[in-house]
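Below: one structure, written as structure tokens.
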Amino acid sequence: MNETDKILKKLIDSNLYSRYSGLLSLSNISLQLIDTTGDILLEFNPSPNFCKLVCQEHETRICSDYVSRLKIGKGDRFICRYGLANIILPVPINNQTIGYLVGAQVYSTDSEYQKYLIDIMAIAKEKNLEPEFIAKSIAAIKTIEENKIEIHEQLCNHIAKNIFYDFPESVTNDTNTAIARLSIEKEMLEKKIIDLEAKNMSLVINPHFLFNTLNSIARIAYFEKSHTTEELIYCLSDLLRYNLKQDDELHTIGAEMENIKKYLYIQKIRFKNRLEYEIDIADHIKPYRIPNMIIQPIVENALIHGITPKRDGGKVIIYAEKYKNDINISVIDNGNGFPKEVLQSLQQSENKLGIGFRSTDKRLKRYFGDNYGLTIVKSDYSGSTVTISIPTKPIARR
């Protein structure tokens, strides 16, 4: 056993995992400690099954995409042959690289589409595995926002650098170093808590679990040749992903319309010939920006109060026009209109709008000012028209 191997053995025997389990609980992205040849010594967070069973030659050895990039003292961030983001960070002790921290093995939101380009049948034949198994393992690979990947890389970099200080025989393992390390961990924890509070993640189901489950079902539908079911599931997955983008940025009208198309496609399957729809948005209007999830609730209301109660169904039209410095987006249906009690509630509420519509109106006014927002133009037995007005020029937010 050479000197490096002795150091690694002492490092692992020193209960390395326990010391960093608290910090690693902040991230469920994969992370392993490997030696300088690519053998896996310790799994902090396991790799996806796809990486383990398809990419790795053996469960105790990292895949060749990593091995080819191992350079003493050098870190790396790369995209593997299947489009996954990966990191390599050297672990230095006493001025020598004793191993590497490797991991991530996730899709970014920009590269997620690459999972659908993987040739499942070719892999199944090469690895002698069932196509359904491979499809499920691909669907289970996490998709992470780019900033979350960067946070994970920072965590890993912190661990890689501090292994030296936590090494049992390190002469620098003094009180000041320990305080410095705890300070960094405290900062990371505070950032994570703020992030959790901002997104209310503790109150909702893990969205990636939901997306992965839906994609798994879609893949099974594909193999069973249930193409309508497959398309519905992918549309629903895209809808959920878009709806969860509750950031504070404006989205283009074009992006909002793509979301509406998926929503109406799903509803068309449900209503069959009882629903027709038309979206008429000129190309020169699509680049203008609005808050996300502004139009979908209005369309949903048209279906619930207008189309659903009508025996023969009806039609929903989404139309936009530019007039001087304003853009008006109208959701029109030829249903039965709002029920009398609903319309009275809307008219008696603050700003003559119900809770859902009032929330939409307030969001629009917050971004664009009191001259803009949502208006119920009409609602009677010939149908309803609800219009959103926004400016073409940015207005200082309040």
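The values are calculated or read from the model by the stated rules, or taken from the named source; none is laboratory data. Keep in mind that what you see is a predicted model, and the values were worked out from it rather than measured. Because the Cβ atoms are built from the backbone with ideal geometry, glycine has one as well, and the counts that use them run over all protein chains shown. Side chains included, ligands, DNA and RNA excluded: accessible areas come from the protein's heavy atoms. Shrake-Rupley method; radii C 1.70, N 1.55, O 1.52, S 1.80 Å.
Listing for the model above:
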| quantity | calculated |
| --- | --- |
| Selection count where residues are open to solvent by less than 70 Å² (accessible area, probe 1.4 Å), farther than 16 Å from LEU84 by Cα and more than 26 Å from the chain's Cα centre (by Cα), scope segment 38-59 | 5 |
| Residue match in segment 259-282 (condition: at pLDDT below 90 and assigned to a loop (DSSP other than H, G, I, E, B)) | no |
| Test: residue in segment 77-91 that is among the hydroxyl-bearing types (Ser, Thr, Tyr) and within 25 Å of the chain's Cα centre (by Cα) | yes |
| Residues being closer than 21 Å to ASP238 by Cβ, open to solvent by 10 Å² or more (accessible area, probe 1.4 Å) and free of Cβ contacts under 8 Å to residues at least 40 places away in the same chain - total across segment 255-278 | 10 |
| Those helices (runs of 4 or more DSSP H) lying entirely in segment 60-142 with at least 1 residues of a type in the set (S, T, N, Q) and either open to solvent by 10 Å² or more (accessible area, probe 1.4 Å) or more than 26 Å from HIS158 (Cα to Cα) (or both) | 64-67, 131-139 |
| Pairs with Cβ under 6 Å, 6+ apart, first in segment 230-241 and closer than 11 Å to TYR263 by Cα, second at pLDDT below 75 and not small (Gly, Ala, Ser) | SER237/PHE211; SER237/LEU214 |
| Filter result for ILE118 (modelled with pLDDT of 85 or more and of a type outside the set (Asp, Glu)) | yes |
| Any hit, segment 45-59, residues being assigned to a strand (DSSP E or B), at pLDDT below 85 and in contact with a helix residue (DSSP H, G or I) (Cβ under 9 Å, 6 or more places away or on another chain) | yes |
